[in-house]
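The values are calculated or read from the model by the stated rules, or taken from the named source; none is laboratory data. Only a predicted model underlies this, so the values are computations on that prediction, with no experimental measurement involved. Please note: Cβ atoms are built from the backbone with ideal geometry, for glycine as well, and neighbour counts cover all protein chains shown. What goes into the accessible areas is simple: the full protein's heavy atoms, side chains included, and nothing from ligands, DNA or RNA. Shrake-Rupley method; radii C 1.70, N 1.55, O 1.52, S 1.80 Å.
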Amino acid sequence: MEMLRRAALALVLATAAGGASANPDLLRLQRDPNQWVMANGNYSSWRYSELNQITRENVATLRPVWQFSTGVLRGHEGGPLVIGEVMYIHTPFPNKVFALDLNNPGRVIWRYEPTQDPSVIGVMCCDTVNRGPAYGDGKIILSQADTTLVALDAKTGKELWKVKNGDPAKGETSTMSPLVVGDKVLVGISGGEYGIRGHVTAYSLADGKLVWRAHSVGPDNEILFDPQKTTHLGQPVGANSSLKTWEGDQWKIGGGATWGWLSYDPDLNLVYYGSGNPGTWNPSQRPGDNKWSMTIFARDASTGMARWVYQMTPHDEWDYDGVNEMILVDNLQVGNQRIAKALVHFDRNGFGYTLNRENGQLLVAQKFDPAVNWATHVDMETGRPQVVKEFSTRAGGEDKNTQNICPAALGTKDQQPAAYSPRTGMFYVPTNHVCMDYEPFRVSYTAGQPFIGATLSMYPPKGSDNLGNFIAWDAGQGKILWSKPERFSVWSGALATAGDIAFYGTLEGHLKAVDVRDGKELFSYRTPSGIIGNINTFTHRGKQYVAVMSGVGGWAGIGMAAGLTGESEGLGAVGAYKSLADYTQLGGVLTVFAVPN
Amino acid sequence: MTKPLAFACLALLPALAWSAARAAQDAEYERPYRVENGKVDQATFNGYRRYGNSCLQCHGPDGSGSSYAPNLTDSLKHMTHEQFNYVVINGRQNVTASQQNVMPSFGHVEDVVMYLDDIYAYLKARSDGVLGRGRPERLPR
């Protein structure tokens, strides 16, 4: 019997090693709570850890145990990876990578600094952020600002291969964290404010050779759609599903940037991500649904072919990019159905979506901030948001200032990823609580130049004096469980743990821990600069640590550095209108925390 | 008053008038905006919008700066119109160990070059403190 079991195991291993899509090493590592091997914790993007040494009871005693300055003073998004006894951290432009020795905290094992033409800085829309490298098969894979994808030897930092994924002269840049899936590394592209055409590309992990590329907009053979087999809400999309929703050849500058996060279901071999805004922010200049911008994609990881799509915001009029993380959860109770494989997504447009990730069926779409007003609801048959005319910038037309739209262009939530705890079945979501005025106007397209065509003013919703909330969300019911107000937008990625606590960072620079049951604050520590990075946890020599990068910037650094408009209007009170500069300055510091022995 | 002196004075008049006109022109060049009761002329309003398209994503709403680009309402307190034009058209880089500031060149960007004076007018009005934050109202034509 034992012999038979061993033989079966050997067979399984042999199949896995020979298979194109499996990566048994990574599949195993992403389940190991002692390490943090991918940006969002695991392939399902849970940002959850089974570690429970830090608990509700002792988290108040959490203390910084060591720090490390990156020497770069720009927005530090993303977070550290931990593989074995090494921590890997990265910086915004110039995109340095440090391998730090956990046995000798802060000692640099190797450092890597690519040579990049600094002119790329001028075509990055919202600071020079980077959301960190990926790990797979002994390689650290970094997507540099100038779109160079480089694989480094995780042990030495030596370059193994390099490939160019885009052209900064056309406004194509990179900020995202790649994802290693099987024998490939997948990466998207930024530049939605420059009239680029977004795509996700799979490169061979072994040598960087291009395997497939799937555009967000364009002809079927370039978006990798099968008119019969690719579905939208259960129906085949038909031929030219993207082209026929654009006027003329506007799709060529059609946007749909893919700068967010990638998730992966190894059983279905499907990869999930969202696309960003279509072309210019002036909707009158691009009539039609502008497919497949603002869309959730499910693609076959081996071929890139789209299995299903769902467009959340057809014909965007507000810059509600659909790129936020896709969180994959199993056995979710939705009404009286149990959904074996669900996908939960908190969109910039303010709706929290729950879908069946096998077929793209829409199950729940509810507002995760009551301030959201641009649409009354999502029609569950057609999947279309029911837009309120008063807040439609298209209805207003060019040169008309449409006021009091909620949320603002930065969304009820931006890329800062949420956490999911399988212990509570709840989601812990960092959110923005900001509204805007939006005035579209005509612009001309010049390659490599801003292609925006709207001016915006942002301010808190009427009657509010907070710009953010950290919330707990029930994705089966589409309901907010609790909501904890924050002075500024919560722009850091969350972490939930088996200690029944959730962590997040604030723009003032506090790392906070709250009770998952009610959001009660249990811990707060002020790091050197505002936090827009994502929190992780790991063990070293059996002890649990929590790590985060601080360094304010990103889109949070724009506007909020100067304070929002409305200061003189006396809408609210304390602090909300005060500039972020009164609370924090630029920085670039890693802080590692532990509970004292 | 002797005749020759009177003559000399008369001779000076055109020169004085010329220099006054020149001074007015200079002032107009350095302060090319019109703001009345918080309302602005069409050119300044257009400058506000073009700023929103091409400059805001780095220099922040209302020219107030961001964590990675300077506050232009401060910059224009010590920059001339000529210097402003030069930097916008040619761009500039300030890349050191501790900062990486890169202003791209806008010399070939229609929406910027064609409206450069309008953008300057808007920012100068903001810098001089005669125009507040947010979207300005337009003066009747």
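Report whether or not A:Tyr438 is farther than 20 Å from A:Tyr48 by Cα and either within 14 Å of chain B (Cβ to nearest Cβ) or modelled with pLDDT of 90 or more (or both).
Numbers: farther than 20 Å from A:Tyr48 by Cα: yes; either within 14 Å of chain B (Cβ to nearest Cβ) or modelled with pLDDT of 90 or more (or both): yes.
For A:Tyr438, the condition - farther than 20 Å from A:Tyr48 by Cα and either within 14 Å of chain B (Cβ to nearest Cβ) or modelled with pLDDT of 90 or more (or both) - is met.
Could you please let me know if B:Tyr120 is touching a residue at least 24 places away in the same chain (Cβ under 8 Å), under 16 Å from the mean Cα position of the chain (by Cα) and over 30 Å from A:Glu113 (Cβ atoms)?
Taking the combined requirement at face value, the residue satisfies it.
Is it the case that B:Gly63 is in contact with a Lys or Arg (Cβ under 7 Å, 6 or more places away or on another chain), crowded, with 24+ Cβ neighbours inside 10 Å and either more than 9 Å from chain A (Cβ to nearest Cβ) or in contact (Cβ under 8 Å) with a residue 12 or more places away in the chain (or both)?
Against the criterion (in contact with a Lys or Arg (Cβ under 7 Å, 6 or more places away or on another chain), crowded, with 24+ Cβ neighbours inside 10 Å and either more than 9 Å from chain A (Cβ to nearest Cβ) or in contact (Cβ under 8 Å) with a residue 12 or more places away in the chain (or both)), B:Gly63 qualifies.
How about the range A:421-507: which strands (runs of 3 or more DSSP E) wholly inside it have at least 3 residues that are under 24 Å from A:Met176 (Cα atoms), in contact (Cβ under 8 Å) with a residue 24 or more places away in the chain and hydrophobic (A, V, I, L, M, F, W, C)?
Of the strands (runs of 3 or more DSSP E) lying wholly inside the range A:421-507, none has at least 3 residues that are under 24 Å from A:Met176 (Cα atoms), in contact (Cβ under 8 Å) with a residue 24 or more places away in the chain and hydrophobic (A, V, I, L, M, F, W, C).
Exactly one of these conditions fails for A:Met426: (1) surrounded by fewer than 24 Cβ atoms within 10 Å (Cβ to Cβ); (2) touching a Lys or Arg at 6+ places or on another chain (Cβ under 6 Å); (3) more than 14 Å from chain B (Cβ to nearest Cβ). Give me its number.
For A:Met426, the exception is condition (2).
Restricting to the range A:94-121, count the residues that are within 13 Å of chain B (Cβ to nearest Cβ), crowded, with 19+ Cβ neighbours inside 10 Å and not in a loop (DSSP other than H, G, I, E, B).
Residues in the range A:94-121 being within 13 Å of chain B (Cβ to nearest Cβ), crowded, with 19+ Cβ neighbours inside 10 Å and not in a loop (DSSP other than H, G, I, E, B): 2 in total.
Could you list all residues from the range B:69-94 that are within 9 Å of another protein chain (Cβ to nearest Cβ), open to solvent by 20 Å² or more (accessible area, probe 1.4 Å) and closer than 21 Å to B:Arg49 by Cα?
From the range B:69-94, those within 9 Å of another protein chain (Cβ to nearest Cβ) are B:69, B:71, B:91, B:93; that's our starting set.
Subset that is open to solvent by 20 Å² or more (accessible area, probe 1.4 Å): B:71, B:93.
Within the range B:69-94, just B:Asn71 meets the criteria.
Filter the range B:95-129 for residues that are more than 9 Å from chain A (Cβ to nearest Cβ) and open to solvent by 70 Å² or more (accessible area, probe 1.4 Å) and give the result.
Result: B:Met114, B:Asp117.
What tally of residues in the range A:287-312 results from selecting those that are assigned to a loop (DSSP other than H, G, I, E, B), open to solvent by less than 10 Å² (accessible area, probe 1.4 Å) and hydrophobic (A, V, I, L, M, F, W, C)?
4
Matching residues to (1) aliphatic (A, V, I, L, M); (2) under 23 Å from the mean Cα position of the chain (by Cα):
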{"site": "A:Ile141", "(1), (2)": "yes, yes"}
{"site": "A:Thr156", "(1), (2)": "no, no"}
{"site": "A:Trp161", "(1), (2)": "no, no"}
{"site": "A:Gly171", "(1), (2)": "no, yes"}
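Restrict the check to the range A:210-218 and report whether at least one residue is of a type in the set (A, V, I, L, M, F, W, C) and closer than 28 Å to A:Gln416 by Cβ.
Checking the range A:210-218: at least one residue is of a type in the set (A, V, I, L, M, F, W, C) and closer than 28 Å to A:Gln416 by Cβ.
Being of a type in the set (Phe, Trp, Tyr) and farther than 19 Å from A:Phe391 by Cβ is the filter; apply it to the range A:443-477 and report the residue that is farthest from the other protein chains (Cβ to nearest Cβ).
A:Trp473
Select from the range B:38-48 the residues that are open to solvent by 20 Å² or more (accessible area, probe 1.4 Å) and under 13 Å from B:Arg133 (Cα atoms) and write down the one among them that is nearest to the other protein chains (Cβ to nearest Cβ).
Step by step, filter the range B:38-48, then rank; the result is B:Gly38.
Conditions tested, residue by residue: (1) under 16 Å from the mean Cα position of the chain (by Cα); (2) farther than 20 Å from A:Ala513 by Cβ; (3) assigned by TED's automatic domain parsing to the domain that holds A:Ala513.
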position	(1), (2), (3)
A:Asn23	no, yes, no
A:Leu26	no, yes, no
A:Gly41	yes, no, yes
A:Asn52	no, no, yes
A:Arg56	no, no, yes
A:Val59	no, no, yes
A:Arg63	no, no, yes
A:Ser69	no, yes, yes
A:Val72	no, yes, yes
